[in-house]
Amino acid sequence: MKYIIIGVILIMTLLVSKLFVALDLLHFNKYTTRLDSNKQNSKLNQLEKTGKSLYLVYCSSCHGYDGKGNKEKAQDHTHRMSKKSIIDVINNGANNFKSLYPSGMPSGLINQDEAEKVATFMVNGFKGPAPKSWIICASCHDNTGEGIPLIAPNIKTYSDELVETVLKNGKQGVIGVMPSDFKHRLNKNQMKAIAAYIRSLGK
Ligand code: HEC
Ligand code: HEC
């Protein structure tokens, strides 16, 4: 008899706790974005998870909780630069990342027609035959587009180095202004974690 009572109590406790879990899930279901973010979370490794927490605190106000750039108010991090941003840099040059590339990128290296072709090649992931003017860009950005240390940044992927440069120098481009005060707020390891998370957004 004693065992039956203990058994019944055990089963009751189990059922009640299951009920709480179920209620919790029901409540959670209302927040589909949170649920989605939870699904995505399980695919992230530890470094990316750390990066995600930091991103939500420091970056999502401008870049959006999904990293898609908040309706073009900031860079969409699910891919590297857009055609519009690339053509803007080709036409106007750039000198944002002064700490690493003090002389910047010269403007007007190629004409509009060629700029259009090079930008298309870049946004399509550097696949297929490169347009003939790419050779000019490759002289600084490397044939892979992954950049050459101290000469030109990675324009193909969000490498650790690129993200660190952006965080230290800020950026002013065709989309808007990204602040430079993160150099005082984030350390190198945190920057690496954020870079890993940004790369995971593009997968
Ligand atoms: C003389 C070397 C040099 C050449 C040639 C060159 N670049 Fe650059 N490029 C740079 C440097 C340096 C930067 C970093 C500019 C900065 O500090 O904002 C840069 C930046 C860029 C950026 C912006 C990256 C970002 O994250 O903001 C793009 C896009 C780019 N280059 C594309 C090209 C293309 C396309 C070509 C060929 C037409 C080209 N570059 C040729 C040196 C070069
Ligand atoms: C005040 C708004 C704001 C905040 C906060 C902000 N950004 Fe940005 N960020 C921007 C804008 C605007 C751009 C686009 C600049 C352009 O290309 O015109 C940008 C661009 C970028 C780029 C692309 C740079 C490139 O060269 O292509 C990266 C990487 C980036 N941000 C990372 C971050 C990270 C990481 C954080 C958080 C630690 C962050 N940003 C916080 C506004 C912001």
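The values are calculated or read from the model by the stated rules, or taken from the named source; none is laboratory data. Being a predicted model, the structure only gives us computed values, none of them experimental. When we count neighbours, we look across all protein chains shown, and the Cβ atoms used for this are built from the backbone with ideal geometry, even at glycine. The accessibility values were calculated without ligands, DNA or RNA, using every heavy atom of the protein model including side chains. Shrake-Rupley method; radii C 1.70, N 1.55, O 1.52, S 1.80 Å.
Between TYR3 and ASN143, what is the label-point separation in nm under the 7 Å Cα-to-beta-carbon projection?
Those two pseudo-labels are separated by 7.7 nm.
Can you give the accessible area per residue of the stretch 71-129, in Å², using a 1.4 Å probe?
Numbers: 3510 Å² over 59 residues.
Counting only protein heavy atoms, the per-residue value for the stretch 71-129 is 59 Å².
Taking R0 as 30 Å, what's the FRET efficiency between ASN45 and ASN70 from their Cβ-Cβ distance, rounded to 0.05?
Numbers: r = 26 Å, r/R0 = 0.87.
According to the calculation, E is roughly 0.70.
Can you sort SER107, SER60, SER42 by 1.4 Å-probe accessible area, starting with the largest?
Solvent-accessible surface, decreasing: SER42, SER107, SER60.
For the stretch 83-203, just the Cα set please: Rg and Dmax, both in angstrom.
14.5, 43
Under the rule of at least 5 residues apart or a separate chain, name every residue whose amide H is placed under 5 Å from the amide H of ALA94.
Excluding prolines and chain starts, which carry no amide H, the hits are MET105.
Keeping all protein chains in position, work out how much accessible area ILE198 exposes to a 1.4 Å probe, and write it in Å² to the nearest 10.
Estimated to the nearest 10 Å², ILE198 gives 10 Å².
Could you give the nm distance between label points at LYS183 and LEU150, where each point is 7 Å from its Cα heading toward the beta carbon?
So the two model labels end up 1.9 nm from each other.
What are the extents of the Cα atoms of the stretch 101-159 along their three principal axes, in Å, largest first?
On the principal axes, the stretch 101-159 reaches 28, 24, 16 Å in Cα extent.
Between GLN112 and ASN92, what is the label-to-label distance in nm when each label sits 7 Å out along the Cα-to-Cβ direction?
Spacing of the two 7 Å Cα→Cβ label points: 1.7 nm.
On a 32 Å Cα-Cα criterion, which of the cross-link pairs LYS132/LYS168; LYS71/LYS132; LYS43/LYS183; LYS43/LYS168 come out too long? Show your work: numbers first, answer last.
Details: LYS132/LYS168 34 Å; LYS71/LYS132 34 Å; LYS43/LYS183 29 Å; LYS43/LYS168 29 Å.
Pairs exceeding the cut-off: LYS132/LYS168; LYS71/LYS132.
Please list GLU72, GLU116, GLU164 from largest to smallest accessible area, probe radius 1.4 Å, with all protein chains kept in place.
From most accessible down to least: GLU72, GLU116, GLU164.
If r is the Cβ-Cβ distance from LYS203 to SER53 and R0 is 22 Å, what FRET efficiency results, to the nearest 0.05?
Computed FRET efficiency for LYS203 and SER53 comes out at 0.75.
For the cross-link pairs LYS52/LYS127; LYS68/LYS188; LYS49/LYS203; LYS171/LYS192, which exceed 22 Å when the distance is taken from alpha carbon to alpha carbon? Write down the numbers at each step before the final one.
Details: LYS52/LYS127 29 Å; LYS68/LYS188 24 Å; LYS49/LYS203 15 Å; LYS171/LYS192 18 Å.
Violating the 22 Å limit, Cα to Cα: LYS52/LYS127; LYS68/LYS188.
In whole Hz, what ³J(HN,Hα) sequence does the stretch 89-102 give by Karplus (6.51, -1.76, 1.60; θ = phi - 60°), x for Gly and Pro?
Rounded to whole hertz, the list is 5, 4, 6, 10, x, 7, 8, 8, 9, 4, 5, 9, 10, x.
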